[in-house]
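Values quoted throughout were computed directly from the atomic coordinates according to the rules given, and no laboratory measurement underlies them. Note that this is a predicted model, so its numbers are computed, not measured. As a convention, Cβ positions derive from the backbone with ideal geometry for all residues, glycine included, and neighbour counts pool all protein chains shown.
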Amino acid sequence: MTQHLAAPTAPASGTRTDWWRDAVIYQVYPRSFADGNGDGMGDLAGIRARLPYLRDLGVDAVWLSPFYSSPQADAGYDVADYRAIDPMFGDLHDADALLRDAHALGLRVIVDLVPNHSSDQHDWFQRALREGPGSPLRERYHFRPGKGADGELPPNDWESIFGGPAWTRVEDGEWYLHLFAPEQPDFNWEHPAVRDEFRSILRFWLDMGVDGFRVDVAHGLVKAEGLPDLGTHDQLKLLGNDAMPFFDQDGVHEIYRSWRAVLAEYAGNDLGPAGSGGRGQGSGARILVAEAWTPTVERAAAYVRPDEMHQAFNFHYLGTYWDAAELRAVIDESLAAMRPVGAPATWVLSNHDVTRHATRFANPPGLGTQLCTPGDRELGLRRARAATLLMLALPGSAYVYQGEELGLPDVTDLPDEVRQDPSFVRASGQDGFRDGCRVPIPWTVDGPSHGFGAGGSWLPQPAGWGELSVQAQTGDPDSTLELYRRALHVRRTQPGLGAGDSLEWLDAPEGVLAFRREGFVCTANTTGAPVRMPAPGRVLLANTAVEIVDGTTELPADTTAWWAV
Ligand code: NOJ
């Protein structure tokens, strides 16, 4: 029989300055979470109204993807004004109200900071364009003359991550660098004005009361001196595996040390009914999280040295398939890399840039993290639920992407004409795009946009979305939503979960992971068949029913079980 422990709901992190070490952080993608004004686009009012749902789910903090003033060439990762909210999401009063409500409910709020590039509509860039070659404003970006007799060739051979050249020529003949879309010109981080501006932006949001920042493209700010050619046109294949002249340069670390010093000036926020922005617990409670795609976990660990950031996303874990040997290797590597720098390991399975893990695991291994085939949905969901329980049992902090608690798959059949991801338009021929994981989430069985809002939804929701809604799953003990709720509540009360920086592997049959933490054992069967093994203790939670007969269990296929020992 599957057994579930009743778990108290007291916040685990409310009074701690190091709450982030074992926090479960829920990513809200504002466009697609909840629409408060019925215009088909998610907004801050919608998020605010759903905060009690997140409190009840049992997460510690919320990370909000960008809501700043933006032309939305890359869904808000193209910021025109870092101190303003885009009207489609609300205004600064809404942000203030959201922060206060979240804190009063015991939830921390991390915002996205986009320092590698601005929007081409940013005032600095527009002035740089107007003022022409030689303008001091051009030095805040990477403007260069072209190569060739008439400067008709780009200054170097770098390619945009979204496909095509990383340079665009402007009317006066100069070129500017954009590692992403042409609407996202890269800042020149050698320029003191850029450094000053971002320290000031940090203070603006810290004064507003945010609990930290997820730093976009944290590995990209500094470029190799002289912007040297890469010497290959197969650049996208090298990304994430090889050293690149525009990523993970040693110079980025000085920037994060200066940011850490800014954060250290701020005390943490009070949480709970008396939540009050800006005051409260001692310094060290506001955090920096690196979105840094590095060739190795060791390189990622450099971003979380004691005087730099607090956490870095573990994309090596996200990229690992549902396979015991591969998972064990990446877990060991991650813990070993983080331990010497004293940072918590982090774990993540889904986000707004990759195919949801319920769909990745529905497909065969080796296809990467951007797929466009639905695969075997039932298999994918079973594995996804097991993978989540494994992730939540590991020592460190875990990230949950909105909708994964509903077991949502990627929407793989969006018509081309509704897609908005710039990489779809620019990288034609490339498989898999990011709109499929960004479809607005279903809250109710029926109704316009399944309770997302009173109107439609900016990306169409597929048939069957209502059956996956919060309403449909609430109270159903077998639902994925109730599994997440129970798991998060057990995690708050079971000392062996989340905390610490190590685990003890136990002998287990092939294809099964088994490890012990204080008072607790986790077993994960990644194979497609049941595996007979001694029952390590009493079942706390499992994603499928686990039978125990005479001290022995047949751990079902694709099942993770948590055991009290
Ligand atoms: C990483 C973000 O997660 C992604 O959505 C965005 O397109 C790029 N950075 C560029 O900002």
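Computed over the chain, the per-residue total of -39500 (n - 2.57) for DSSP H runs of n ≥ 4 gives a 222 nm mean residue ellipticity of -7000 deg cm²/dmol, rounded to 500. Close amide H partners of H117, meaning residues 5 or more places away or on another chain with modelled amide H under 5 Å apart, are F187. State the Cα centre-to-centre distance between region 482-546 and region 67-81 in whole Å. Taking the Cα centre of region 67-81 as reference, the centre of region 482-546 is 41 Å away.
When you restrict to C-alpha pairs under 8 Å that are six or more residues apart and normalise by the size of region 60-117, the relative contact order lands at 42 percent. Ordered by the count of other Cβ atoms within 10 Å of each Cβ, fewest first, I287, I85 give I85, I287.
Computed from phi, the 3J(HN,Hα) profile of region 197-203 under the Karplus parametrisation 6.51, -1.76, 1.60 (θ = phi - 60°) reads 4, 6, 5, 5, 5, 4, 5 Hz, with x in place of Gly and Pro. Here the simple spin-label model places points 7 Å from the Cα toward Cβ, and for A224 and R203 these points are separated by 3.6 nm. Arranged from fewest to most other beta-carbon atoms within 10 Å of their beta carbon, V521, V262 become V262, V521. Semi-axis lengths, largest first, of the ellipsoid equivalent to region 415-564 are 38, 20, 15 Å, with √(5λ) applied to each eigenvalue of the Cα gyration tensor. Any chance you could check the Cα centroid distance between region 231-251 and region 130-200 for me, in angstrom? Using only Cα atoms to place each centre, the spacing works out to 18 Å. Taking amide H atoms as placed 1.01 Å from N in the peptide plane, the amide H of L179 lies under 5 Å from those of D186, each 5 or more residues away in sequence or on another chain. Sequentially through region 293-305, phi angles give Karplus couplings (6.51, -1.76, 1.60; θ = phi - 60°) of 8, 10, x, 9, 5, 4, 5, 5, 5, 4, 6, 10, 5 Hz, Gly and Pro residues having no value and appearing as x. Computed on the Cα trace of region 137-270, the radius of gyration divided by the Kirkwood hydrodynamic radius gives Rg/Rh = 1.03. If you take the beta carbon distance between D332 and V418 as r and set R0 to 35 Å, what does 1/(1 + (r/R0)^6) give as a FRET efficiency, to the nearest 0.05? Efficiency computed from Cβ-Cβ geometry: 0.25. The phi torsions of region 174-179, fed into the Karplus equation with coefficients 6.51, -1.76 and 1.60 and a -60° offset, translate into couplings of 6, 10, 10, 8, 9, 5 Hz, rounded to whole numbers, with Gly and Pro shown as x. In this structure, the amide hydrogen of R517, modeled 1.01 Å from its nitrogen in the peptide plane, lies closer than 5 angstrom to those of C522, counting only residues at least 5 positions away or on a different chain. Ranked by the mean number of other Cβ atoms within 10 Å of their residues, highest first, the peptides 108-117, 544-553 come out as 108-117, 544-553. With R₀ set to 30 Å, the beta-carbon distance separating H253 from D123 gives a calculated FRET efficiency near 0.55.
Ranked by the mean number of other Cβ atoms within 10 Å of their residues, highest first, the peptides 213-226, 130-143, 382-395 come out as 382-395, 213-226, 130-143. Geometric descriptor of the chain, per residue, is 139 Å³ (volume of the convex hull of the Cα atoms).
For the chain, the longest principal axis of the C-alpha atoms and the axis of helix 252-264 are separated by about 70°. Counting 0.36 nm for each residue step from E467 to D323 and taking away their Cα separation leaves a gain of 48.9 nm. Using the Cβ-Cβ distance between E139 and V170 with R0 = 25 Å, the FRET efficiency computed as 1/(1 + (r/R0)^6) comes to roughly 0.95. The residues V59, V400, V79, when put in order of fewest to most other Cβ atoms within 10 Å, stand as V59, V400, V79.
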